[in-house]
Structure formats: structure tokens, C-alpha cells
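Enquirer: Below is one structure. I have some questions about it.
The values are calculated or read from the model by the stated rules, or taken from the named source; none is laboratory data. Owing to the predicted nature of the structure, the values given are computational and were not obtained by experimental measurement. Don't worry about glycine lacking a Cβ; one is built from the backbone with ideal geometry, like all the others, and counts go over all protein chains shown. When the accessible area is computed, the model is the full protein with side chains, heavy atoms only, and any ligands, DNA or RNA have been set aside. Shrake-Rupley method; radii C 1.70, N 1.55, O 1.52, S 1.80 Å.
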Amino acid sequence: MAETSRVATLTLDGKTYELPVMSPSVGPDVLDIRKLYAQADVFTFDPGFTSTAACESAITYIDGDKGELLYRGYPIEQLAEKSHYLEVCYLLLNGELPNAKQMEDFEFRITRHTMLHEQIHNFFRGFRRDSHPMATMVGVVGAMSAFYHDSLDINDPWQREVASMRLIAKLPTIAAMAYKYSIGQPFVYPRNDLDYASNFLHMCFSVPAEPYHVEPALAKAMDRIFTLHADHEQNASTSTVRLAGSSGANPFACIAAGIACLWGPAHGGANQACLEMLREIGTVDRIPEFIARAKDKNDPFKLMGFGHRVYKNFDPRAKVMKESADEVLELLGVHNNPLLQVAKELEKIALHDEYFIAKKLYPNVDFYSGIILEAMGFPTAMFTPIFALSRTVGWISQWKEMIGDPQGKIGRPRQLYTGPVARDYVEVADR
Ligand code: SDX
């Protein structure tokens, strides 16, 4: 629990109000304005929450100036290199790295929750084959609350735990089924003898007609992509999950809300939008045309995969992803991938362009991820579902932290109202 380190004073209309200043373990101090409205009859105004700490959290920390990302204090670069996704899931959920026994137990439990209730398969058949897999995932994850009635009570720690395991375990199965359904291939059941990432690749790319071999280097790259996307403070989709959870909604409904929010092209949908942009640019010589459009105030075009609310020097995930892109494309023999050439040239040009430097716009996690995923065989429509399944552990960890917060209450922001004041109804004959 953060402590009050000192007091700020606000003077308004001749009156002075004291605002406690709370100090975090690292990062900016915060002004505690919880009593401001009661004392001064004023709201604060912060659309987009650019200067607002919506909660206290001990899970993930980002230093946007240093390009630092910590999961429970561990730098993302070290976790991407030395850990693996399920160990990162344990860390995010429990706050500490597991010992060997804890890891074995956790992996056993997750592995045995990967199958979906067989009747849920029928939900997929209600969608058009050309539905976006994110539409399917929002629908199917929300529908899980119609099946797993023994893990809906958010006030029961055991049910919260089971719901968490089910969501982390089943999201890859659901994402893979959404992909298989979209290409008219049969669903592939999970296999308990495969690790998390290998199982996902198996469920996506194997077919009943022949054996499928998971290339270990690709499974490792897939696992690293999961880790890089696992959590990210109070981003839009995590804030959505917290807000939904604050009303007491069941965990499946909350995660479905997070998936819906992540779908937006300004957020998790950027990986798909970025690859489509690179494809539209096509060749290096067309880059200046798109840079000019990105700088044109009258053109809504933005360089997808560029910019971030918090990172103002570089996104450490993008650095790891760029290294991984080189490795994966080399492994797949597509190192001269034209999209990668365009992406690298675009990054180089943009990072030396005054506009992008002045606005502190750098490649974010979505800039290189799509290039790797496409090289691995995923269609662009599967990029955001992969982001969603990776982020499920972050959403769940933040949701559990919120449920366990003794200060927790339903989220209900106020507003700066500028509409009409009270007025009487006018009969249509008099209008
Ligand atoms: C993710 O929050 C998270 O942590 C998210 C995420 C996570 O892990 O959860 O990191 C994942 O969502 C990454 C971001 C993916 N989105 C994109 O790549 C889409 C393109 N980027 C932009 O839409 C934008 O940069 C945002 C949404 C990411 C950030 O927007 P902000 O913080 O609200 O900043 P802004 O839109 O106010 O931009 C500041 C200025 C603006 O110009 P001015 O109004 O000051 O003149 O920079 C410009 C913007 O027009 N700008 C861009 C730009 N991004 C911002 N100009 C060109 N190209 C861009 N990509």
C-alpha cells in the first residue's frame, strides 16, 4: 500500500485544500484527489487519462523515458531471453517466480484445462466462415460464462482461481478454433504432451490427414511473442477489464470485454493494420509518400505500429521483436522478405525525421510482430487474436488484483457537462 509522503495545496476561490501526495515504489508521485469533490465541489478533467492513476497496482511497471518494462520487477528483456510464457504467467499471477515444483504443478493444471466444453463447438458454426476471428473470440469467450457455472462467483477465491486457469488455458484453443473455422478445416484438439506454444501451433497448423512436426525454434519464437504481450499496466483493454470487473461481472464477461477493446486499430488491432500498411507501401521508394501523409494534419493516416502513450524513446518489446524477426525469417529462409525490408527502411527514415523525433514516435510492439506472424503462416486476421490470448494472463492478473483491493469500488467517472441546462418540453405544434 503506497504511503502519503507529503501534502500538496490547492487554492481555489480564496479557499485552500490539502491533497495528500502518495509515493510509489518507482515512478511519479500521485495526488490523492479522492476527497476533492466532497471538499471543493470540483471534478478533475483528464480525457484519455493521460495524467490519471486509475488504481494502485504491483504487477507491471513502464518507464516511458527509459524504455523500461518490468513484470513484477523483472525486465522484459531478461524474461524474453531466460524465461518462458507459462513461467511469466505464474509470475504475473502470483508475484514471484515459481520454484520447480510450483512450475510443474502450474503447468499440469493449465495443460488439463486446454479443452473446451464440446458443446461450445456449436457456437463457432453460428458464425460466417469469413467472420473476423476477433468477433468469434469475443462471442465464444463471453459464452464461456454460460458453460462454466462453477467458476462465476468472483467472491469465491477458489472459483476465481479456476476461472483464471480456464481462461489462460482455453484462449489458445479458442483462437486456433477460430482460425480453423475461418479456413474450413476441422478443429484440432489440444495435446497434453506439448508445451503451451507448441500446442497452439499444433492446433493451428496440423491437419488430421498427416503428422505435424512443431519446429522448436518457431515454438520458441511463438512463446517469446506471448511473453512480450503478456501485460502492460493500465492500457485500454486492461482498463476495460478492470471497469467491467468493478461491477461484479463474471471473469469470462470481463475478458470478453477486454478482447473487444483490444480489437481497435489504435490498440491491439495495430499489428494487423501495420502489416496491411506495409503491404500498401509495398516498396521502399514509396515510403516518403506515406511519411508525408502521416505528417499531414488533414490526413487521418497514421503510421501503424508507431507511437505510444507511454514510451517516448523506444518500446523495449519492439527491440526484442525486431531481433526475433531476423531470427525467424532467417530460419524460414525468407530473410529477404520485402515487408521486412520496407519495415526496417521505414523505421530508419522515421527515426531521423524531425516530425517523429519531435513527437517522440517510435516503433511499438505491433510494428514487427506482424512480420513474424505472417512468416510463420498466420493470416493478418489472426494477429490480434494472438495478442488477445497472450494478454489474457495480464487481464486476469489485473482483474484478480482489483477484486482483492480493499479500496475497490465500482468505476464510475464523472464528466464536464456542456449540454443544455434544464428546459421544458415543447409540443410539436409549437416547435
Ligand atoms: C498498443 O497502452 C498500451 O500500453 C498499449 C499497448 C499494450 O501493450 O497494451 O502497448 C499496445 O496498443 C500499442 C499501440 C498500437 N497502436 C498503433 O500503433 C496505432 C498508431 N499509433 C497511434 O494511434 C498513437 O500513437 C497511439 C494511439 C498509440 C498513442 O496515442 P496518444 O498517446 O493518444 O498520442 P496522440 O494520438 O495524442 O499522438 C500525439 C501526436 C499527435 O499529433 P498532434 O495532435 O500532437 O499534432 O503524435 C501524432 C498524433 O497525430 N501521432 C502520430 C502517430 N501516433 C501519434 N502521427 C503519425 N503516426 C502515428 N503512428
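Enquirer: What do you get for the angle between helix 157-182 and the principal long axis of the chain? Use alpha-carbon atoms, 0 to 90 degrees, nearest ten.
Expert: Taking Cα atoms only, the helix is inclined about 50 degrees.
Enquirer: Place a +1 charge on the Cβ of each Lys and Arg in the stretch 258-336 and a -1 charge on the Cβ of each Asp and Glu, then give the dipole magnitude about the Cα centre in debye, rounded to the nearest 20.
Expert: Values: 11 positive and 11 negative charges, 92 e Å.
Charge dipole of the stretch 258-336: 440 debye, to the nearest 20.
Enquirer: Given +1 on the Cβ of Lys and Arg, -1 on the Cβ of Asp and Glu, and no further charges, what dipole in debye does the chain carry about its Cα centre, rounded to the nearest 20?
Expert: 660
Enquirer: May I ask you to list the GluC sites (Glu not before Pro) in the stretch 40-148 that are in a DSSP loop and have at most 15 other Cβ atoms within 10 Å of their Cβ?
Expert: Answer by residue number: Glu56, Glu96.
Enquirer: Output the 0 to 90 degree angle, nearest 10, between the alpha-carbon long axis of helix 365-375 and the longest principal axis computed from the alpha carbons of the chain.
Expert: For 365-375 against the chain, the angle is about 20 degrees.
Enquirer: If you fit an axis through the alpha-carbon atoms of helix 236-246 and take the longest principal axis of the Cα set of the chain, what angle between them do you get, 0 to 90°, nearest 10?
Expert: Around 70 degrees separate the two axes.
Enquirer: A further question follows. Would you please name the trypsin sites (Lys or Arg not before Pro) within the stretch 207-306 that are DSSP coil residues with at most 13 other C-beta atoms within 10 Å of their C-beta?
Expert: Lys297
Enquirer: Heavy atoms only, probe 1.4 Å: what % of the accessible area of the chain goes to carbon and sulfur, would you let me know? List each step's numbers first, then the result.
Expert: On the way: 11540 of 21320 Å².
Summing carbon and sulfur atoms, their accessible area is 54 percent of the total for the chain.
Enquirer: Roughly how many Å² is the accessible area per residue of the stretch 255-340, as a whole number, for a 1.4 Å probe?
Expert: Ligands and nucleic acids excluded, the figure is 47 Å² per residue.
Enquirer: Can I ask one more? Charges on Cβ only, +1 for Lys and Arg, -1 for Asp and Glu, centred on the Cα centroid of the stretch 41-113; of Ala58, Asn99, Tyr71, which one is farthest towards the dipole's positive end?
Expert: Asn99
Enquirer: Let me ask something else about it. Considering the options Ile349, Thr136, Leu331, tell which one lies farthest towards the positive end of the dipole of the chain, charges being +1 on Lys and Arg and -1 on Asp and Glu at the Cβ, about the Cα centre.
Expert: Farthest towards the positive end: Thr136.
Enquirer: Just to compare against my own numbers: the Cα pair-distance distribution for the stretch 133-227, 5 Å bins, whole % per bin, please.
Expert: 2, 13, 19, 21, 19, 14, 8, 3, 1, 0
Enquirer: Explain nothing, just the number: dipole magnitude of the stretch 162-285 about its Cα centre with +1 on each Lys and Arg Cβ and -1 on each Asp and Glu Cβ, in debye rounded to the nearest 20.
Expert: 420
Enquirer: log₁₀ I(q)/I(0) of the stretch 111-179 at q = 0.12, 0.18 Å⁻¹, via Debye over equal Cα point scatterers, no solvent, to two decimals?
Expert: -0.31, -0.66
Enquirer: Would you be so kind as to identify which of Ala176, Phe124, Met402 lies farthest towards the positive end of the dipole of the chain, taking Lys and Arg as +1 and Asp and Glu as -1 on Cβ and the Cα centre as origin?
Expert: So the residue we want is Phe124.
Enquirer: Keeping every protein chain present and rolling a 1.4 Å probe, give me the accessible area per residue for the stretch 86-197 in Å².
Expert: 44
Enquirer: Which residue fluctuates most in the GNM of the chain (Cα springs below 10 Å): Thr283, Thr240, Thr173?
Expert: Among Thr283, Thr240, Thr173, the largest GNM mean-square fluctuation belongs to Thr283.
Enquirer: In the stretch 14-123, which trypsin sites (Lys or Arg not before Pro) fall in coil by DSSP and have 11 or fewer other Cβ atoms within 10 Å?
Expert: Listed in order of number, the matching sites are Arg34.
Enquirer: Return the Cα extents of the chain along principal axes one, two and three, sorted largest first, each rounded to a whole Å.
Expert: 78, 64, 57
Enquirer: Extent of the stretch 25-114 along each principal axis, from alpha carbon coordinates, in Å, largest to smallest?
Expert: 54, 31, 22
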